[in-house]
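Asks: Below is one structure. I have some questions about it.
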Amino acid sequence: PYIMPLETPVPAATTRPSGRSECEKNESRPAGREIKFGQLVKRFHESYERIVESSLERYYEQELPGLGAQIFRDKEMFDYTIKGGQCFRGVLVYAATLELLESKRENPSKEKIQQIMSVGWALEILQAAFLVADDIMDESHTRRGKACWHKVDRVHAYNDVFKLEHFAFYLLKEHLSGVELAGVQNVFRTVILKTTFGQGLDLEYSSQIKSLSVNWNPQVVREQISKKSYENIVKYKTSYYTFYLPLMASVCLAGYSPKSLNDVSGMSTLARPKGTLDTARGRGLDTKVGRSEWMLKIGLKLGEYFQVQDDFLDVYGDPKKTGKIGTDIEQRKLTWLMATAVQKADEKSLLSLFKASEKRVEIVKAQFKKLQLRKEYLEYEIKVCDTIKSWIQDGKQVLPAKTLHLILDKIYASRMKKEAKA
């Protein structure tokens, strides 16, 4: 039987930190929590062959007769690009759906669990497509401790992006049907489109930062290279597909049809009249409306924290532990560190953040240190953990609260494990 893990040990913030965060001072973890998350990951990974590989084999048999010899290359590509991570998003679909079913006192059959895991793997396949594309655009070298896929097979890598994305939908169609299929596909398509526009924003701001190194304009820097601009990138490039998509997919899989959801895009919830959503410990919430709104609210905030931490580790992480060499400064990305530095820097320091130089990476890192951005991050981490925990408590009647606590703990633990030692 499925046993939901305990809540996160990340403590609430009571005072502003000085140096190390309160979370950091309490690094111990109650025994068993890592094991329980590991069990979820283990069960999910063990389903890869029977779900993903079997579906690929059936696709070749039914749709590509006579091309069986090509499957070995595609199996290798699938293994290389899909495997290697914790399958964070897929496990979130799995755990959140089981918790929502548990709240309805429904015991899922083996067939239902297979369907849930299939959606999780479809999301992991989509994630693989996004990562291959992102690495090509950013000219990255390593991913998950090995060479990026376009460094292994550049000729096919571009087409593999499309192959992976479309196979994710094939997997959904093979394992789901009816209202569930319609709801999950709708969420996938809605979020994929948002993500492509978010990726476009990321590229546009990177180009703008490069341009400013030649055509210096401090006023434009202050106005455009801002926290607000960064938040828009994160919202559309990362948050929707990393957290909102798996959470809303779990809602559909738990038996809430698209008609029960306010709007799977999450946009109409933002325009809802003030007072519709009661955030006081979930009191007075309409279950159907409240659930979709809470999934959006929590998903976007978790995504923000997740991406801010990723930006932090790109500079302050140990490449042996993060599995990739940081390139954000080199690629002139608008990251949380850059947006915060622009906000805090004086005119002289501001110019050094953008000025072209062979030693630009070292210069920018020195400015980050001067501006105490590590301390700034630790302060942010306490606040965002406290906010998310508070929101989970407020929306616990309609949220997969135990799963969300677990995910929050895993994000926090990731920084603890991967940050380079001073």
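Asks: Starting from residues that are free of Cβ contacts under 8 Å to residues at least 12 places away in the same chain and part of a loop (DSSP other than H, G, I, E, B), keep the ones in the range 213-235 and report whichever is surrounded by the fewest Cβ atoms within 10 Å (Cβ to Cβ).
Replies: Selected residue: Asn215.
Asks: With Gln397, Gln393, Gln331 as the choices, which residue is closer than 30 Å to Trp216 by Cα and either hydroxyl-bearing (Ser, Thr, Tyr) or open to solvent by 10 Å² or more (accessible area, probe 1.4 Å) (or both)?
Replies: Gln331
Asks: How many residues does the range 173-190 contain that are under 19 Å from Tyr236 (Cα atoms) and touching a Gly at 6+ places or on another chain (Cβ under 9 Å)?
Replies: Of all residues in the range 173-190, those under 19 Å from Tyr236 (Cα atoms) come to 184-190.
Checking the rest, the ones that are also touching a Gly at 6+ places or on another chain (Cβ under 9 Å) come to 190.
Counting residues in the range 173-190 that are under 19 Å from Tyr236 (Cα atoms) and touching a Gly at 6+ places or on another chain (Cβ under 9 Å) gives 1.
Asks: On to the next question. Can you pull out every residue in the range 349-388 that is under 30 Å from Ala254 (Cβ atoms) and surrounded by 20 or more Cβ atoms within 10 Å (Cβ to Cβ)?
Replies: In the first step, residues of the range 349-388 are kept if they are under 30 Å from Ala254 (Cβ atoms); the result is 384-388.
Result: Val384, Cys385, Ile388.
Asks: Among the candidates Glu124, Glu111, Glu99, single out the residue that is surrounded by fewer than 15 Cβ atoms within 10 Å (Cβ to Cβ) and out of contact with any Phe, Trp or Tyr (no Cβ under 6 Å at 6 or more places or on another chain). It would help to see each step written out before you state the result.
Replies: On the way: Glu124 fails: surrounded by fewer than 15 Cβ atoms within 10 Å (Cβ to Cβ); Glu99 fails: surrounded by fewer than 15 Cβ atoms within 10 Å (Cβ to Cβ).
Criteria check complete, one pass: Glu111.
Asks: Follow-up question, since we're still on this one. Restricting attention to helices (runs of 4 or more DSSP H) lying wholly within the range 20-70, give those where 2 or more residues are modelled with pLDDT under 95, open to solvent by 40 Å² or more (accessible area, probe 1.4 Å) and not aromatic (Phe, Trp, Tyr). Give the steps one after another, and end with the answer.
Replies: Values: elements: 22-25, 33-46, 54-63.
The qualifying helices (runs of 4 or more DSSP H) are 22-25, 33-46.
Asks: Turning to a different aspect of this structure: Among the residues that make up the range 77-99, is at least one of them among the charged types (D, E, K, R), closer than 20 Å to Tyr158 by Cα, in contact with an Asp or Glu (Cβ under 8 Å, 6 or more places away or on another chain) and without any contact (Cβ under 8 Å) to a residue 24 or more places away in the chain? Before you say what the answer is, go through the steps one by one.
Replies: First, the residues of the range 77-99 that are among the charged types (D, E, K, R): 79, 83, 89, 99.
Right, trim to closer than 20 Å to Tyr158 by Cα and you get 79, 83.
The next check asks that each one be in contact with an Asp or Glu (Cβ under 8 Å, 6 or more places away or on another chain); those that pass are none.
Checked against the condition, which is being among the charged types (D, E, K, R), closer than 20 Å to Tyr158 by Cα, in contact with an Asp or Glu (Cβ under 8 Å, 6 or more places away or on another chain) and without any contact (Cβ under 8 Å) to a residue 24 or more places away in the chain, the range 77-99 yields no hits at all.
Asks: Given the residues Val132, Val155, Val161, which is the only one that is β-branched (Val, Ile, Thr), within 30 Å of Glu61 (Cβ to Cβ), surrounded by fewer than 13 Cβ atoms within 10 Å (Cβ to Cβ) and free of Cβ contacts under 8 Å to residues at least 60 places away in the same chain? Write out each step before concluding.
Replies: On the way: Val132 fails: surrounded by fewer than 13 Cβ atoms within 10 Å (Cβ to Cβ); Val161 fails: surrounded by fewer than 13 Cβ atoms within 10 Å (Cβ to Cβ).
Sole residue among the options that is β-branched (Val, Ile, Thr), within 30 Å of Glu61 (Cβ to Cβ), surrounded by fewer than 13 Cβ atoms within 10 Å (Cβ to Cβ) and free of Cβ contacts under 8 Å to residues at least 60 places away in the same chain: Val155.
The values are calculated or read from the model by the stated rules, or taken from the named source; none is laboratory data. Just so we're clear, the structure is a prediction, and the values are computed from it rather than from any experiment. As a convention, Cβ positions derive from the backbone with ideal geometry for all residues, glycine included, and neighbour counts pool all protein chains shown. SASA here: full protein model, heavy atoms, side chains in, ligands and nucleic acids out. Shrake-Rupley method; radii C 1.70, N 1.55, O 1.52, S 1.80 Å.
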